[in-house]
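The values are calculated or read from the model by the stated rules, or taken from the named source; none is laboratory data. Given the structure is predicted, the values throughout are model-derived calculations rather than measurements. Neighbour counts run over all protein chains shown; Cβ positions are idealised from the backbone, glycine included.
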Amino acid sequence: MYLRNIILGENLISEDYNIIRELDPKWAKSYIKISRLKGGLFNKTYIVKDEEGKRYKVRIPSRGSEFFVNRDVEIMNLRLLEFTGVVPRVVKYKENSKIAIFEFIPGIPLSKESFKNSEIMKASIKAIKTIHNSGVYFNNTFNVFLEVNRYYERLKKDGILKEYGYIANEYPLENFINITKYIENIIKKSEIKESPCHNDLLPANFILSKNKVYIIDWEFSGMNDPCFDFANFLAELEILSDEEEKKALELYFGDKASKVRERIDLYKFVSRVFWGLWAMFQFRNSELEFDFENWCRFQFNEALRYLKRLKEFWFIKI
């Protein structure tokens, strides 16, 4: 089926037809094929294939996402990292609409189970270390402690905590916030050397292409403690055995792995609280078809599990 020089793929949202066509003069004048990618919790994402067979990824931001991320900053950060060879190239960015066109990386998005493969784990950690050790300096920072507090206060201000009180009543959210502040004070006692970080290293943000791993979706990027970035990465891989996690830590930190283990576990708890609060926002605001309530419960249940570990394994009195 053709419409205004567009071949329509599956699940294309009607109002996005013209938006995509007008992103590039060549696309407006020739036949292009557009299909929507599944997944994505912040955007509508499409693959555009032009007459020459070249493919691009087009990302259209969802309503309300500006509270969480600064897309202008994300694009600046990505352009700084292009030389590393492990991130997608920015082809075009529309500052007014925040719509971006990226190079399409053909490959397989990874899953939690993918990281059970030792070679995939090794390649993924190599990509993470490439970013952390790149020497790039972002002009923004990502401070998860500030973000947790900002999210919580906004949830209260917007009435979301009250509106979805059944969730707030099931979990000790206020206690989560207080524990996060306590952990912040512990972390502050350590010397932290900030690095460029992704801060959202969930499995689907890793693409395996021809035995190489690329990292996509940099909305939360900023200078940060690389230990948080890696802790957030491991927190998303809760299916790993203790031995598999130990090997992952050794791949990244080498002989310093045992020394950072407590810090990693502290950050895991904070990461789960952060993403649980983020999911609560999506109950009301997201346009996307995704079970944010179930995902929120999962995050808070994981926070409780990590809290138990902090008390029983590290003997932290919280």
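Going through the range 154-173 one residue at a time, which ones are in a helix (DSSP H, G or I) and either hydroxyl-bearing (Ser, Thr, Tyr) or loosely packed, with under 14 Cβ neighbours inside 10 Å (or both)? Break it down into steps so the answer makes sense when it comes.
So in the range 154-173, the residues in a helix (DSSP H, G or I) come out as 154-157, 160-163, 165-170, 173.
Scanning the range 154-173 gives Lys156, Lys157, Lys162, Gly165, Tyr166, Asn169, Glu170.
Considering only the range 134-153, state which residues are surrounded by fewer than 16 Cβ atoms within 10 Å (Cβ to Cβ) and either in a helix (DSSP H, G or I) or free of Cβ contacts under 8 Å to residues at least 12 places away in the same chain (or both).
Those that are surrounded by fewer than 16 Cβ atoms within 10 Å (Cβ to Cβ) and either in a helix (DSSP H, G or I) or free of Cβ contacts under 8 Å to residues at least 12 places away in the same chain (or both): Gly135, Leu146, Arg150, Glu153.
Given the criterion at pLDDT 95 or above, under 17 Å from the mean Cα position of the chain (by Cα), buried (at least 16 other Cβ atoms within 10 Å of the Cβ) and not in a loop (DSSP other than H, G, I, E, B), identify the matching residue among Ile120, Ile131, Ile101. Lay out the reasoning, then the answer.
On the way: Ile120 fails: under 17 Å from the mean Cα position of the chain (by Cα); Ile101 fails: under 17 Å from the mean Cα position of the chain (by Cα).
On inspection, the qualifying residue turns out to be Ile131.
I need the full set of residues from the range 80-98 which are in a loop (DSSP other than H, G, I, E, B) and either under 24 Å from Leu234 (Cα atoms) or touching a strand residue (DSSP E or B) at 6+ places or on another chain (Cβ under 7 Å) (or both), in order please.
Filtering the range 80-98 for residues in a loop (DSSP other than H, G, I, E, B) gives 85-89, 95-98.
Within the range 80-98, Gly85, Val86, Val87, Pro88, Arg89, Lys98 qualify.
Taking the stated definitions as given, is Glu262 under 21 Å from Lys156 (Cβ atoms) and either without any contact (Cβ under 8 Å) to a residue 24 or more places away in the chain or in the same structural domain as Ile183 (by TED's automatic domain parsing) (or both)?
Numbers: under 21 Å from Lys156 (Cβ atoms): no; either without any contact (Cβ under 8 Å) to a residue 24 or more places away in the chain or in the same structural domain as Ile183 (by TED's automatic domain parsing) (or both): yes.
For Glu262, the condition - under 21 Å from Lys156 (Cβ atoms) and either without any contact (Cβ under 8 Å) to a residue 24 or more places away in the chain or in the same structural domain as Ile183 (by TED's automatic domain parsing) (or both) - is not met.
Being in contact with a Ser or Thr (Cβ under 8 Å, 6 or more places away or on another chain) and of a type in the set (S, T, N, Q) is the filter here; which residues of the range 218-232 pass it?
Matches in the range 218-232: Asn224, Asn232.
Which strands (runs of 3 or more DSSP E) does the range 174-216 wholly contain that include 2 or more residues that are hydrophobic (A, V, I, L, M, F, W, C)? Can you show your working first?
Numbers: elements: 195-197, 206-209, 212-215.
Where strands (runs of 3 or more DSSP E) fall fully within the range 174-216 and carry at least 2 residues being hydrophobic (A, V, I, L, M, F, W, C), they are 206-209, 212-215.
For the range 223-246, give me each residue that is among the small types (Gly, Ala, Ser) and part of a helix (DSSP H, G or I).
At the first step, the residues of the range 223-246 found to be among the small types (Gly, Ala, Ser) are 231, 235, 241.
Once the filter is applied, which keeps residues that are among the small types (Gly, Ala, Ser) and part of a helix (DSSP H, G or I), the range 223-246 yields Ala231, Ala235.
Which pairs do you get when a residue that is not assigned by TED's automatic domain parsing to the domain that holds Asp200, found in the range 230-250, comes within reach of a residue that is part of a helix (DSSP H, G or I) and buried (at least 20 other Cβ atoms within 10 Å of the Cβ), reach meaning Cβ atoms under 6 angstrom, with the pair 6+ apart or on two chains?
From residues that are not assigned by TED's automatic domain parsing to the domain that holds Asp200, there are no pairs.
For residues that are more than 20 Å from Glu147 (Cα to Cα) and within 15 Å of the chain's Cα centre (by Cα), scanning just the range 30-43, find the one that is surrounded by the most Cβ atoms within 10 Å (Cβ to Cβ). Even if it seems obvious, please write down each step before you answer.
As a first pass, look at the range 30-43 and keep what is more than 20 Å from Glu147 (Cα to Cα): 30-40, 43.
Okay, now just the ones that are also within 15 Å of the chain's Cα centre (by Cα), so 39-40, 43.
Working: Gly39: 11, Gly40: 16, Asn43: 21.
Ranking the candidates gives Asn43 first.
From the list Phe269, Phe253, exactly one residue is of a type in the set (Phe, Trp, Tyr) and either under 24 Å from Tyr152 (Cβ atoms) or touching a residue at least 60 places away in the same chain (Cβ under 8 Å) (or both). Which is it? It would help to see each step written out before you state the result.
Working: Phe253 fails: either under 24 Å from Tyr152 (Cβ atoms) or touching a residue at least 60 places away in the same chain (Cβ under 8 Å) (or both).
Step by step, each of Phe269, Phe253 is checked, and only Phe269 is of a type in the set (Phe, Trp, Tyr) and either under 24 Å from Tyr152 (Cβ atoms) or touching a residue at least 60 places away in the same chain (Cβ under 8 Å) (or both).
Here's a check for you: in the range 241-283, which residue that is touching a Phe, Trp or Tyr at 6+ places or on another chain (Cβ under 8 Å) and among the hydroxyl-bearing types (Ser, Thr, Tyr) is nearest to Glu147 (Cα to Cα)?
Top of the filtered list is Ser271.
Tally time: how many residues in the range 50-79 are part of a loop (DSSP other than H, G, I, E, B), among the small types (Gly, Ala, Ser) and crowded, with 16+ Cβ neighbours inside 10 Å?
Within the range 50-79, the first condition is being part of a loop (DSSP other than H, G, I, E, B), and the residues that meet it are 50-54, 62-64, 68-70.
With among the small types (Gly, Ala, Ser) added as a condition, the list becomes 53, 62, 64.
With crowded, with 16+ Cβ neighbours inside 10 Å added as a condition, the list becomes 62.
Here the count works out to 1.
Phe220 - would you say it is touching a residue at least 24 places away in the same chain (Cβ under 8 Å), crowded, with 20+ Cβ neighbours inside 10 Å and not in a helix (DSSP H, G or I)? Show your work before the answer.
Working: touching a residue at least 24 places away in the same chain (Cβ under 8 Å): yes; crowded, with 20+ Cβ neighbours inside 10 Å: yes; not in a helix (DSSP H, G or I): yes.
Answer is yes for this residue.
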